[in-house]
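Here is the structure we will look at, set down as structure tokens.
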Amino acid sequence: MSLHAIRPWRHIERRKSRQIMVGNVPVGGDAPITVQTMTNTLTTDVKATIAQVQAATDAGADIVRISVPDEASSRALKEIVPEVSVPIVADIHFHYKRGIEAAEAGAACLRINPGNIGDETRVREVIKAAVDNNCSMRIGVNAGSLEKHLLEKYGEPCPDAMVESGLDHIKLLQDNDFHDFKISCKASDVFMAAAAYQMLAEQTDAPIHLGITEAGGLTSGTIKSAIGLGNLLWMGIGDTIRVSLSADPVEEIKVGYEILKSLGLRHRGVNIISCPSCARQGFDVIKTVETLEKRLEHIKTPMSLSIIGCVVNGPGEALMTDVGFTGGGAGNGMVYLAGKQSHKMDNEKMVDHIVEQVEAKAAEIEKAAQAAE
């Protein structure tokens, strides 16, 4: 068993929600919080879109969303879905017929925006297509595209308007006996999004899709998302997440997992615990960590690795990780295995050696897990 197991004081009690299926992936209930992203290729560029979906899948994406803005994209979606291994959510805006076409093309879920999709008659047609094609739906409320009557009522985008939009659309789906839906209330403003999600969580048992929309570039968007999503997840709110970054979709998956790992909600791959380095370091910590992050990307097994430059905090951190390396003197450091001192290793050979130790530990954890099944 990994030493990075969840301790009682680290436990987060998740909000109780009902469960739906997005293709073969459960969302809500007691299912793991899923991580998703969205392609940024032209959907009509089938080859590029498939490649991007596959890259996201390799990075750990459970679900991938693809925009379907026109009829040509609907036709492309029909080619894309059979070639990928994760459920595809079709992102629908403005024209309800794209939702019908996407459902028929094999989408596992339809994302519709209440402010853009059209009147109740059109929504009912989309619902029928979803039912006929075993497709779930996401109500995707966005502060930037609220219904005109709600903007007139509230004067501006606000949490109350967002939640009212979402609840109105929930009622529309339920009145048509459709219950396989999840819901999001996204805003680029962290405060607005967090307030809307908290209000929404109290008024529905639908699975909740978390996101801070249009969060920004890799650094700024990561920070905004970590604050917004992190606080909501800490409160137990959220069944699936998407980190919206102006960056490669693979980065969204990486950040999403890091947010979940930091809260002990889901673990995938190696969690590297490292110091910022200082004059006490016995080796180049920053360069070593950069190298190890790349060398260990292939490890999917949840485990922990500490890389600490000196003996001030190194031994203590190593006690709580599966594998550890603490800098010492005379060009070598101490290797820790399962929280205990194991042997010394030359700094020049330490990266290759650590990779070997991590791979061995990952294999050991996987073998134990298989034996327990």
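The values are calculated or read from the model by the stated rules, or taken from the named source; none is laboratory data. Fair warning: this is a prediction, and the values are worked out from it, not measured in the lab. Glycine gets a Cβ as well: all are built from the backbone with ideal geometry, and neighbour counts include every protein chain shown. Remember, those area values only see protein heavy atoms, side chains included, never the ligands or the DNA or RNA. Shrake-Rupley method; radii C 1.70, N 1.55, O 1.52, S 1.80 Å.
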Hey, Thr34 hits all of (1) in contact with a Ser or Thr (Cβ under 7 Å, 6 or more places away or on another chain); (2) farther than 24 Å from Ala130 by Cβ but one; which does it fall short on? (2)
Identify, by number, the condition in (1) in contact with a Phe, Trp or Tyr (Cβ under 7 Å, 6 or more places away or on another chain); (2) assigned to a strand (DSSP E or B) that Arg111 doesn't meet. (1)
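Of the residues in segment 297-313, how many are over 20 Å from the mean Cα position of the chain (by Cα) and in contact (Cβ under 8 Å) with a residue 24 or more places away in the chain?
Of segment 297-313, the ones over 20 Å from the mean Cα position of the chain (by Cα) are 305-313.
Then keep just the ones that are in contact (Cβ under 8 Å) with a residue 24 or more places away in the chain; that gives 305-310, 312-313.
Matching residues across segment 297-313 total 8.
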Picking from Thr291, Thr301, the residue that is of a type outside the set (Gly, Ala, Ser) and buried (at least 17 other Cβ atoms within 10 Å of the Cβ) would be Thr301
Determine, yes or no, whether Glu104 is touching a Leu at 6+ places or on another chain (Cβ under 7 Å), among the acidic types (Asp, Glu) and surrounded by fewer than 21 Cβ atoms within 10 Å (Cβ to Cβ). no
Cβ-Cβ under 9 Å pairs, at least 6 apart or on other chains, segment 348-368 side more than 14 Å from Lys300 (Cβ to Cβ), far side part of a helix (DSSP H, G or I) and basic (Lys, Arg): Val351/Arg295; Asp352/Arg295; Ile354/Arg295; Val355/Arg295
Tell me whether segment 305-318 contains one or more residues that are open to solvent by less than 60 Å² (accessible area, probe 1.4 Å), of a type in the set (Ser, Thr, Tyr) and out of contact with any helix residue (DSSP H, G or I) (no Cβ under 6 Å at 6 or more places or on another chain). no
Can you name the residue in segment 128-139 that is open to solvent by 10 Å² or more (accessible area, probe 1.4 Å) and out of contact with any helix residue (DSSP H, G or I) (no Cβ under 6 Å at 6 or more places or on another chain) and is also nearest to Phe94 (Cα to Cα) among such residues? Lys128
For segment 140-171, which residues satisfy the criterion of being open to solvent by less than 10 Å² (accessible area, probe 1.4 Å) and touching a residue at least 60 places away in the same chain (Cβ under 8 Å)? Gly140
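Is there a residue in segment 143-161 that is touching a Lys or Arg at 6+ places or on another chain (Cβ under 6 Å), at pLDDT below 95 and either within 22 Å of Ile117 (Cα to Cα) or not in a helix (DSSP H, G or I) (or both)? Show your work before the answer.
Here is the first cut: in segment 143-161, the residues touching a Lys or Arg at 6+ places or on another chain (Cβ under 6 Å) are none.
No, segment 143-161 contains no residue that is touching a Lys or Arg at 6+ places or on another chain (Cβ under 6 Å), at pLDDT below 95 and either within 22 Å of Ile117 (Cα to Cα) or not in a helix (DSSP H, G or I) (or both).
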With the structure loaded, tell me whether Ser262 is open to solvent by 30 Å² or more (accessible area, probe 1.4 Å), of a type in the set (S, T, N, Q) and closer than 21 Å to Glu297 by Cα or whether it fails that test. yes
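Okay, residues lined up against (1) over 12 Å from the mean Cα position of the chain (by Cα); (2) of a type outside the set (Ser, Thr, Tyr); (3) surrounded by 21 or more Cβ atoms within 10 Å (Cβ to Cβ); (4) not in a strand (DSSP E or B):
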residue: Ala196; (1), (2), (3), (4): yes, yes, yes, yes
residue: Met199; (1), (2), (3), (4): yes, yes, no, yes
residue: Ile223; (1), (2), (3), (4): yes, yes, no, yes
residue: Ser246; (1), (2), (3), (4): yes, no, no, yes
residue: Val250; (1), (2), (3), (4): no, yes, no, yes
residue: Asn271; (1), (2), (3), (4): yes, yes, no, no
residue: Pro276; (1), (2), (3), (4): yes, yes, no, yes
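Give segment 166-194 a look and list any residue that's of a type in the set (Lys, Arg) and either over 20 Å from the mean Cα position of the chain (by Cα) or in a helix (DSSP H, G or I) (or both), or say none.
Within segment 166-194, the first condition is being of a type in the set (Lys, Arg), and the residues that meet it are 171, 182, 186.
Correct list: Lys171 only.
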Mind listing whichever residues of segment 324-352 are surrounded by 15 or more Cβ atoms within 10 Å (Cβ to Cβ) and part of a helix (DSSP H, G or I)? Asn347, Met350, Val351
Condition met for Thr321 (open to solvent by less than 20 Å² (accessible area, probe 1.4 Å), touching a residue at least 40 places away in the same chain (Cβ under 8 Å), within 30 Å of Ala187 (Cα to Cα) and hydroxyl-bearing (Ser, Thr, Tyr)): no
Would you check if there is a residue in segment 93-100 being under 15 Å from Met137 (Cα atoms), open to solvent by less than 10 Å² (accessible area, probe 1.4 Å) and touching a Phe, Trp or Tyr at 6+ places or on another chain (Cβ under 9 Å)? no
Suppose we filter Ala51, Ala76 for residues that are open to solvent by less than 10 Å² (accessible area, probe 1.4 Å) and in a helix (DSSP H, G or I); which single one remains? Ala76
